[in-house]
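The values are calculated or read from the model by the stated rules, or taken from the named source; none is laboratory data. Because the structure is predicted, anything quoted here is derived from the model rather than measured. Here Cβ is always computed from backbone atoms with ideal geometry, including for glycine, and neighbour counts include all displayed protein chains.
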Amino acid sequence: MPETILVAVDGSPLSKRAFEQALSDAESEVVALHVIDPTDPGYSTPFDVDVSLEPLHGTDEWYERADELASEVFEELTELAEGSGLEVQTETLRGEPARAIIRYADENDVDAIYVGGHGRSDVADPLFGSVAELIVSRSPVNVMVVR
């Protein structure tokens, strides 16, 4: 069993399921990592929102809103982890999601990465989403794709 599991979270049901699986599998620590993607205004919003009603992409207000949404995701996950006996860390990074997740795993003491198969509901690929696929192919540690 991995001691420390990094879970890529974006607010989607599958990322929540990956987090729950990590809680079951980790020996001591789970790190929930949310990446705010400045190149894709809709990617960093973990909930279905009309981006035309959100702050202008790339502005300070947009980043503040993305941080608020990440905090909402972390709040839910922290509640799920209560009573698990595990240490749960939350981290938010900015960048291209797959690269940021892989870099974090490479630079930190992570034993495995858990990721949902898809973060979006409008995917064309039936097996993996593009972020999950890149993580699987480039990860320095074992990856569990949760479906």
All positions within the range 1-11 that are at pLDDT below 95 and either out of contact with any helix residue (DSSP H, G or I) (no Cβ under 9 Å at 6 or more places or on another chain) or part of a strand (DSSP E or B) (or both): none
Selected residue [buried (at least 18 other Cβ atoms within 10 Å of the Cβ), under 19 Å from L14 (Cα atoms), among the aromatic types (F, W, Y) and at pLDDT 95 or above] from Y114, Y43: Y114
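I want to confirm something. Restricting to the range 62-120 and keeping residues that are among the polar types (S, T, N, Q) and touching a residue at least 60 places away in the same chain (Cβ under 8 Å), which single residue is farthest from L134 (Cα to Cα)?
So, considering only residues that are among the polar types (S, T, N, Q) and touching a residue at least 60 places away in the same chain (Cβ under 8 Å), the one farthest from L134 (Cα to Cα) is S84.
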Extreme residue, surrounded by the most Cβ atoms within 10 Å (Cβ to Cβ), among residues of the range 12-27 that are modelled with pLDDT under 95 and small (G, A, S): S15
Residue match in the range 86-94 (condition: modelled with pLDDT of 85 or more and at positive phi): no
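In the range 47-70, how many are modelled with pLDDT under 75 and touching a Pro at 6+ places or on another chain (Cβ under 8 Å)? Quick ask: steps written out before the conclusion?
Applying the first criterion (modelled with pLDDT under 75) to the range 47-70 yields 47-54, 57.
Going one step further and asking which of them are touching a Pro at 6+ places or on another chain (Cβ under 8 Å), we end up with 51, 54, 57.
Selection size over the range 47-70: 3.
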